[in-house]
Amino acid sequence: MQALVLVGGEGTRLRPLTLTRPKPALPLVDRPFIRFMVDWLGRHGVTEVIMACGFRAEDLRAALGDSVPGGPSIRYVEEREPLGTAGPIRLAADEGLLGERFLVLNGDVLTDLDLTAHMRMHRERGAVASLALYPVDDPTSYGLVRRRDDGEVLGFLEKPDPSEIDTDEVNAGAYVLERSVVDLIPPGRQVSIEREVFPKLVGHGLYGLRLDGYWMDIGTPERYLQASWDILERRVQTEVADRVDESGLGIDEHADVDPTAVVEGAALVDSGAVVGANAKVGPRAVIARDAEVGEDAIVEDSVLHPGCTIGEGATVRGAILGSGAEIGEGATVAPGAVVGEHARIEPGVVLGPDARVEPGGVAA
């Protein structure tokens, strides 16, 4: 089985992290984010993954390579200009990369939904296209999918008024498509599969299947952090979660934590800490999900990408630090802040809530 993964976007909501590397290549706990999707696909029998790239495509190739040990092979197709959510499908087909039946996935989702059940339903119904559907608590923020009990899709409702809501199922960004769907996609321009293709298939072999499990778009700093904690807390099925100890902390074995530091965790909900490879945490640092603010350095509820340095007496809370970022002695990084690669926060500086520091920038 083949899968085409849409990874051409610029990841603007995660800037400045995505100014220097594409969102799929950002570290998530211990690996590039997109590896979680490749591993998930491999567990459901996918043998070939095609990455539909655009922004910083070479960086994605460098992060992911051409295969995963024991998993799918990986190929790439590159958009010269943005083609939307359907245009890359037509491009891959025109380049001879797609077979008669294949999966299409949005590449910004962390999930463990049952693709095997999805593909089985598609075959049993003789579908032309089928959508993975996911139940949400607040349907007003999404486009809803209406269907019959047998899964046949009746129509779509975009960001409905509360009085219109009669389902809680949304498009989860995972599709099984027959090759004939490609003929509905005009070549050479941006095309939305949600708005221009699927509505044409209503009544002509379009089905949906409700799938329970874990599903999250990691496209914002808040969701990126939440996805990190969910992996550490084993809320999503991944190989990483299977290796996490009871502390729930993600401390890379190659991180340099000073011998005087205290590294501990507590059974708190929706919090954690991730310290990447070759990161350095200074003397008297405390890496703890329940640490109190004091004279020691504190890294709490934050993600440190590889190579970060935290100075003595610094405080980092609820923040994301890009690779090679430096936090000076006594500096404070407030919740919601995102610090780009190789940026520096000078000693004693207070970086406020939701602040952004560009890659290589200095906050003084």
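The values are calculated or read from the model by the stated rules, or taken from the named source; none is laboratory data. These numbers were taken from a predicted model, which means no experiment stands behind them. All Cβ positions, glycine included, derive from the backbone under ideal geometry; neighbour counts span all protein chains shown.
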For residue 157, only one of the following conditions fails: (1) touching a Lys or Arg at 6+ places or on another chain (Cβ under 9 Å); (2) in contact (Cβ under 8 Å) with a residue 40 or more places away in the chain; (3) not acidic (Asp, Glu). What is its number?
(2)
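Could you please find all residues in region 126-142 being more than 22 Å from the chain's Cα centre (by Cα) and under 9 Å from residue 207 (Cα atoms)?
Going through region 126-142, the residues more than 22 Å from the chain's Cα centre (by Cα) turn out to be 126-130, 140.
The answer is 127, 128, 129, 130.
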State all residues of region 302-325 that are touching an Asp or Glu at 6+ places or on another chain (Cβ under 6 Å) and within 17 Å of residue 224 (Cβ to Cβ); if no residue qualifies, say none.
317, 318, 322, 323
Note on residue 94: of the conditions (1) at pLDDT below 90; (2) surrounded by fewer than 20 Cβ atoms within 10 Å (Cβ to Cβ), unmet is (1)
Leading residue by the ranking (surrounded by the most Cβ atoms within 10 Å (Cβ to Cβ)) among those in region 311-339 that are acidic (Asp, Glu) and touching a Pro at 6+ places or on another chain (Cβ under 7 Å):
312
Taking only pairs six or more apart or across chains, which ones have beta-carbon atoms under 6 Å, a first residue in region 132-151 that is within 18 Å of residue 119 (Cβ to Cβ), and a second residue that is surrounded by 14 or more Cβ atoms within 10 Å (Cβ to Cβ) and hydroxyl-bearing (Ser, Thr, Tyr)?
151/207
Please identify the pairs in which a residue from region 1-26 that is closer than 24 Å to residue 115 by Cα and at pLDDT 90 or above has its Cβ atom under 8 Å from the Cβ atom of a residue that is of a type in the set (Gly, Ala, Ser) and surrounded by fewer than 20 Cβ atoms within 10 Å (Cβ to Cβ), counting only partners at least 6 apart or on another chain.
1/45; 2/99
Within region 257-271, is even one residue in a loop (DSSP other than H, G, I, E, B) and either closer than 19 Å to residue 26 by Cβ or at pLDDT 80 or above (or both)?
no
What about residue 167, is it in the same structural domain as residue 201 (by TED's automatic domain parsing) and within 20 Å of residue 36 (Cα to Cα)?
no
Considering only region 326-354, state which residues are closer than 22 Å to residue 228 by Cβ, touching a strand residue (DSSP E or B) at 6+ places or on another chain (Cβ under 7 Å), at pLDDT 90 or above and in a loop (DSSP other than H, G, I, E, B).
337, 340, 343
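Among the listed residues 25, 52, 92, 62, identify the single one that is of a type in the set (A, V, I, L, M, F, W, C) and over 30 Å from residue 226 (Cβ atoms). Before the answer, list the steps.
Working: 25 fails: over 30 Å from residue 226 (Cβ atoms); 52 fails: over 30 Å from residue 226 (Cβ atoms); 62 fails: over 30 Å from residue 226 (Cβ atoms).
After ruling out the rest, the residue left standing is 92.
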Region 6-28 - residue that is buried (at least 22 other Cβ atoms within 10 Å of the Cβ) and β-branched (Val, Ile, Thr) and, of those, farthest from residue 237 (Cα to Cα)
18
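Only one residue in 37, 51, 119 is aliphatic (A, V, I, L, M), touching a residue at least 60 places away in the same chain (Cβ under 8 Å) and either surrounded by fewer than 18 Cβ atoms within 10 Å (Cβ to Cβ) or touching a Leu at 6+ places or on another chain (Cβ under 7 Å) (or both), so which one is that? Write out each step before concluding.
On the way: 51 fails: touching a residue at least 60 places away in the same chain (Cβ under 8 Å); 119 fails: either surrounded by fewer than 18 Cβ atoms within 10 Å (Cβ to Cβ) or touching a Leu at 6+ places or on another chain (Cβ under 7 Å) (or both).
That would be 37, the only listed residue that is aliphatic (A, V, I, L, M), touching a residue at least 60 places away in the same chain (Cβ under 8 Å) and either surrounded by fewer than 18 Cβ atoms within 10 Å (Cβ to Cβ) or touching a Leu at 6+ places or on another chain (Cβ under 7 Å) (or both).
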Is region 128-151 home to any residue that is crowded, with 21+ Cβ neighbours inside 10 Å, farther than 29 Å from residue 28 by Cα and of a type in the set (Ser, Thr, Tyr)?
yes
Residues in region 160-178: is at least one exposed (fewer than 14 other Cβ atoms within 10 Å of the Cβ) and closer than 16 Å to residue 88 by Cβ?
no
Residues located in region 299-344, provided they are within 22 Å of residue 13 (Cα to Cα) and of a type in the set (Gly, Ala, Ser):
302, 318, 319, 322, 323, 324, 325, 334, 336, 337, 340, 343
